[in-house]
Amino acid sequence: MTKPALKIEKATSSRIGEVDFDNLQFGRLFGDHMFHMEYRDGAWGEPEVKPFGPIEITPAMNVMHYGQAVFEGMKAFYVDENTVNIFRPKMHFERFNRSCRRMCVPETDYETFITALEELIRLDKQWIPKKSGTAMYIRPVIYASDNYLAARVSGVYSYYIITSPVGAYYAEGFNPVSLTTPDGFVRAVKGGTGEAKTAGNYAASFLPAKKAQEEGYTQVLWLDAIEKKYIEEVGTMNIHFLMGDTLVTPQLTGSVLAGVTRNSVTQLAKDWGIKVEERRITIDEVFESAENGTLTEVFGSGTAAVISPVGSIQHNGKTIHIGDGKIGAFAEKLFDTITGIQYGKLDDPHGWVHSVSV
Ligand SMILES: Cc1ncc(COP(=O)(O)O)c(C=O)c1O
């Protein structure tokens, strides 16, 4: 792999003094540096790392009208004074490019991506929180940045990678989430944009999520858009059901985001000799399985929380309760193993971690 030459402009002063590492909020503070690259006339230009700061835009910028934007969300973990681990950057990158293809955004190359991540981590290594459960969140984004008002593919794109120190998701212990199927809304349909990590998918989910929260639920459990009976995913997580000795995970049908954590969960379960089924699963099957006692655990998987226990699911006026208000033993083992690999405390048999010497 030939390393692309990154132009580097170092920040002359640091904002690290603003960071209260004991009270980190998600995505509120950003590292001193950011990666930037521009696409125009059919090619990506010179990659650079420069001080984080405002960008100049006009109200005619394409992305603000037509939503042509793709992004990723991943994490880097403090191991020791000399090492930081990025979790599965290659898999995140591959999904980033798949999102680009679906949204007509020009693809980028892995060498530039990983070199940019390594450089940002080295330059802003003091920004990486050290306490257990904390991490440096990494947000790559590409958006249409030409300036004209016409609903067609942009010819100009801006690519940024920014970083943000994030606190422990479970600082006060695991809180099982309550889910509800949506009342009249759908998230995505095969052939649409559901499997892309693109801005509009999130904008479209805000109203159903707000309604669910007003009714006292944590998040929406999305069903397929056609028959409204097959389970797809949850807000910003994939979902898994432990039924007897089988881990059932909704299959990737074209309308579900292919989670990196989802893939890690199913791989570990297979490693441990658990029967794993990636298949279509109906909400009725889950309710029946809860009623006949075979459903022992339900949990979500995603970069933010890693594993999120589900305590209840509401559908058509009926509610099932899962577990006893705590995380299940299987979900906890997954959480401990994935975080153990992330922090370099456990073996990494699948080579998921990309270690950076800082
Ligand atoms: C819609 C959606 N589903 C699932 C996930 C989980 O994916 P990952 O494990 O790659 O974070 C996310 C988070 O990125 C998401 O936004």
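Helix 260-271 versus the longest principal axis of the chain: what is the Cα-based angle in degrees, 0 to 90, to the nearest 10?
Helix 260-271 sits at roughly 50 degrees to that axis.
How much length would be gained if the chain were fully extended between A60 and E81, taking 0.36 nm per residue of separation minus their Cα-Cα distance, in nm to one decimal?
Contour length minus Cα-Cα distance gives 3.0 nm.
Compute the signed sum of charges (Lys and Arg +1, Asp and Glu -1) over the other residues within less than 12 Å, Cβ to Cβ, of Q126.
On the way: positive: R15, R122, K125, K130; negative: D32, E81, D124.
After counting each charged neighbour, the total is +1.
Considering the Cα trace of the stretch 177-342, what is its radius of gyration and what is Dmax, both in angstroms?
Cα only, the stretch 177-342: 14.8, 41 Å (Rg, Dmax).
For a distance above 35 Å, tell me the whole-number percent of Cα pairs in the chain that qualify.
Percentage above 35 Å: 26.
If I stretch the segment between K333 and I8 completely, what's the gain in nm (0.36 nm per residue apart, minus their alpha carbon distance), one decimal?
Gain on stretching K333 to I8: 112.8 nm.
Can you compute 3J(HN,Hα) from phi for each residue in the stretch 108-120, using the Karplus curve 6.51 cos²θ - 1.76 cosθ + 1.60 with θ = phi - 60°, rounded to whole Hz and x for Gly and Pro?
Taking θ as phi minus 60°, the curve returns 10, 10, 5, 4, 5, 4, 6, 5, 5, 4, 4, 5, 4 Hz for the stretch 108-120.
Stick to Cα atoms and the Kirkwood definition of Rh, then tell me Rg/Rh for the stretch 186-248.
My calculation of the ratio gives 1.00.
Using alpha carbons only, how many angstrom separate the centre of the stretch 241-259 from the centre of the stretch 1-56?
The stretch 241-259 and the stretch 1-56 have Cα centres spaced 36 Å from each other.
Assign one of three labels to the stretch 7-168, namely rounded, prolate or oblate, based on the Cα gyration tensor with a ≥ b ≥ c the square roots of its eigenvalues; rounded applies when a/c is under 1.5, prolate when it is not and a/b is larger than b/c, and oblate otherwise.
prolate
What's the angle, to the nearest 10 degrees (0 to 90), between helix 89-102's Cα axis and the longest principal axis of the chain?
90 degrees
Can you list residues from other chains, or at least 5 along the same chain, whose modelled amide H is less than 5 Å from the amide H of L247?
It is K275, V276, E277, by chain and number.
If packing is taken as the average count of other Cβ atoms within 10 Å, what order do 91-99, 307-315 fall into, highest mean first?
Numbers: 91-99: 19.3, 307-315: 22.8.
Ranking, from highest mean packing down: 307-315, 91-99.
Read the figures in this text as sums done on the coordinates, not as results from a lab. Note that the structure is predicted; figures quoted are calculated from it, not measured. Every residue, glycine among them, receives a Cβ derived from its backbone with ideal geometry; neighbour counts consider all protein chains shown.
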